[in-house]
Amino acid sequence: MSKIKDRAENDEHIFELTIGDKTVCSARTLGHGLLENITTAEYERRKHYGTKLLLRIEDIARQNGVTSIRTTDIDSKDTAAVSFFRKMGYELEPTEEDGQFLEGSKKLVIEQVKGPKDPKLIVLFYLLEFRDYSVKKKNSCVSLTYIAEECKLSVWATSRILEKLTKEGLVERSFFRNVPPEEQFFQITRKGIKYVIEKDKYLQYSNV
């Protein structure tokens, strides 16, 4: 299971996203309004760790009254970095006439999402914690009972949600329904991850 650690060093904040004892993504901010850098370990890329960490940094910035967040010194030739920040909603502008380096900015105060959170997305977002794609592997998925508890839903409601998600191909089930809830295990699929990541409006306000 992933965890995000935050520690302060003078005016800077150091963020680390860890899996077990391993740091897979880290970032540094000046105050809460300037992102100085964000880096994912070489062999841990394309797993959306940077997305998850940056969303958490933005959420903390909102909690501290920050209305916009900036980042600087983005190499315009670094296509991965440029694509990442644009996907995260940052407006990029050149800082010099030659356009070699870019500055990104994003407004954090936008209209609140009306109505309750979608339980379907709550469950999917939680399952991102268990995204090993082989359901046969130990600890690669999580039980129906535990999903219900962590998402603050009834077992019955969670079962119905997961049944629908399974039919849509967003979730895989490792055992059938003729076993107790604690022995029914689920995990998110690649299709499910893509579905959640594309829901930027939800992710910006999710506390799951």
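Kindly provide the set of residues from segment 1-46 that are under 24 Å from Arg190 (Cα atoms) and in contact (Cβ under 8 Å) with a residue 40 or more places away in the chain, ordered by number.
Met1, Ser2, Ile4
Residues to consider are Thr51, Thr67; find the one that is at pLDDT below 90 and polar (S, T, N, Q).
None of the others qualify; the one that does is Thr67.
Which of the following residues is closer than 30 Å to Ile147 by Cβ and in contact with a strand residue (DSSP E or B) (Cβ under 9 Å, 6 or more places away or on another chain): Leu92, Leu102, Leu54?
Leu54
Search segment 130-166 for residues being touching a helix residue (DSSP H, G or I) at 6+ places or on another chain (Cβ under 9 Å) and over 21 Å from Pro180 (Cβ atoms), and hand back the single one that is modelled with the highest pLDDT.
Of everything passing the filter in segment 130-166, Arg131 is modelled with the highest pLDDT.
Here is a check on your reading of the model: is Asp6 surrounded by fewer than 16 Cβ atoms within 10 Å (Cβ to Cβ), more than 20 Å from Gly104 (Cβ to Cβ) and touching a Leu at 6+ places or on another chain (Cβ under 7 Å)?
Spelling it out, it is not the case that Asp6 is surrounded by fewer than 16 Cβ atoms within 10 Å (Cβ to Cβ), more than 20 Å from Gly104 (Cβ to Cβ) and touching a Leu at 6+ places or on another chain (Cβ under 7 Å).
Could you check how many residues of segment 48-88 are over 18 Å from Glu12 (Cβ atoms), surrounded by 15 or more Cβ atoms within 10 Å (Cβ to Cβ) and small (Gly, Ala, Ser)?
Final tally of qualifying residues: 3.
The values are calculated or read from the model by the stated rules, or taken from the named source; none is laboratory data. As the structure is a computational prediction, the values presented were derived from the model and not from experiment. So basically every Cβ, Gly included, is an ideal-geometry build from the backbone, and we count neighbours across all protein chains shown.
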